[in-house]
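The values are calculated or read from the model by the stated rules, or taken from the named source; none is laboratory data. In this text, all values refer to a predicted model and were calculated from it rather than measured experimentally. Counting neighbours? That spans all protein chains shown, and the Cβs are built from the backbone with ideal geometry, glycine included. Side chains are part of the model used for accessible areas, which takes the heavy atoms of the whole protein and leaves out ligands, DNA and RNA. Shrake-Rupley method; radii C 1.70, N 1.55, O 1.52, S 1.80 Å.
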Amino acid sequence: MDNTRTVKRSAAFRWRLAGCLCFLGAWQWASVHAGSLALASPVETWRALMDMAAHPAFWTQGMLPTLGRVLSGFGLGLVVGGALGWAAGICPAAGFMLLPFRWVLSSVPGVVLVILAMLWCGVGSAMIILIVALTSIPTIYMALQEGLRAVDPALCEMARAYKISLRKRFTELYLPAVAAPLVSACVVALGGGMRVAILGETLGASQGLGYMLALARADLDTPKLYAVALVSMLLVSVIEATFLRCLRKKLHCGARSS
């Protein structure tokens, strides 16, 4: 069993490495043909990233403000979207009542959310947190609602007939149903939240990665622009590899420990 797992992990690592090499090769090829003004090469982007990382202002005024805003907005969206999705999954009437709100939040473009949030909250962190939360809520909501709807109604009726405790129903019926879709929704919501956060900071903030992106665009500093974009992607990857992996383990462990 251990040997099989080792072989699978080794194969997965090789495929991931091959994918990264293919991506870097395609990036280098595109930069050569498009020109450095339109598309910086991987080497130029890496040098710009190292130059930014050497300055403390990059961490204190760039990365940390964006990270705090994204995590705060994502946490708020997880709580609100989770509560509403749970209510809609358990009570279909609540789902019908919340449908217009979910449809509006799912379909409105991100730039419209940014403009409205600027009118509501002004320019600053509150605006970024709000748009990240509003972007995350419908994704989390739909994942929980659909996961709970997938539970067999006959099992729910049997649980009520045998007067199984709410805790047992939660761990045995509902938690296994929502674990996988919830984690997937968190990954999607986190990526979308980072995108709208960068957009909001670009349009209306004096700190954060989006603000640095706006400065790089104004200076026509293409390597720095791509370096900031690379940092935002790395942030999402790190959060996914830590927080979301822990969430996945806790959800599955909670389902099995019952």
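Taking a probe of 1.4 angstrom, what is the accessible area of K224 in Å², to the nearest 10?
Around 60 Å² of this residue is reachable by solvent.
Run the 1.4 Å probe and let me know the accessible area of V151, rounded to the nearest 10 Å².
20 Å²
Can you tell me the FRET efficiency between D221 and A180 if r is taken as the Cβ-Cβ distance and R0 is 35 Å, rounded to the nearest 0.05?
On the way: r = 42 Å, r/R0 = 1.20.
Calculated value: 0.25.
Describe numerically, in nm with one decimal, the distance between label points set 7 Å from Cα along Cα→Cβ at V43 and at T242.
Label-label distance for V43 and T242, simple model: 3.3 nm.
With label points built 7 Å along Cα→Cβ from the Cα atoms of F23 and K163, find their separation and express it in nm.
Taking the simple label geometry, F23 and K163 are separated by 5.6 nm.
Along the positive direction of the dipole of the chain (beta-carbon charges: Lys, Arg +1; Asp, Glu -1; about the Cα centre), which of L49, A18, V114 reaches farthest?
A18
Specify which residue in the list G200, A87, L155 is farthest towards the positive end of the charge dipole of the chain, using unit charges on the beta carbon of Lys, Arg (+1) and Asp, Glu (-1), about the Cα centre.
Positive-most Cα among the choices belongs to L155.
Using unit Cβ charges (K, R positive; D, E negative) and no other charged atoms, how large, in debye to the nearest 20, is the dipole of segment 1-118 about its Cα centre?
The dipole magnitude comes to about 380 debye.
Work out the FRET efficiency for F96 and L64 from their Cβ-Cβ distance, taking R0 = 45 Å, and round it to the nearest 0.05.
Numbers: r = 42 Å, r/R0 = 0.94.
That pair, F96 with L64, gives E of 0.60.
Checking the a/c ratio against 1.5 first, then a/b against b/c, what shape does the Cα gyration tensor give for the chain? Display every interim value, and only then the final one.
Values: a/c = 2.63, a/b = 1.50, b/c = 1.75.
Oblate is the answer for the chain, as a/c is 1.5 or above yet b/c matches or exceeds a/b.
In nm, give the distance between the simple-model label positions of S206 and A30, each being 7 Å from the Cα along the Cα-to-Cβ direction.
Between S206 and A30, the label points sit 3.6 nm apart.
Rounded to the nearest 10 Å², what accessible area does S10 have for a 1.4 Å probe in the complete protein model?
We get 50 Å² for S10.
Taking the Cα centre of the chain as the origin, how large is its charge dipole in debye, to the nearest 20, when only Lys and Arg (+1) and Asp and Glu (-1) carry charge on their Cβ atoms?
The dipole magnitude comes to about 1040 debye.
Measure out, as a whole number of angstrom, how far apart the alpha-carbon centroids of segment 99-176 and segment 1-65 sit.
Measuring centre to centre over Cα atoms gives 33 Å.
What accessible area per residue comes out for the chain, rounded to a whole number of Å², with a 1.4 Å probe? Write down the numbers at each step before the final one.
Details: 14920 Å² over 258 residues.
That works out to 58 Å² for each residue.
Explain nothing, just the number: dipole magnitude of segment 91-201 about its Cα centre with +1 on each Lys and Arg Cβ and -1 on each Asp and Glu Cβ, in debye rounded to the nearest 20.
Values: 8 positive and 5 negative charges, 68 e Å.
For segment 91-201, the charge dipole is close to 320 debye.
From largest accessible area down, sort L67, L144; use a 1.4 Å probe on the protein chains. Write out the running numbers ahead of the final one.
Details: L67 40, L144 10 Å².
From most accessible down to least: L67, L144.
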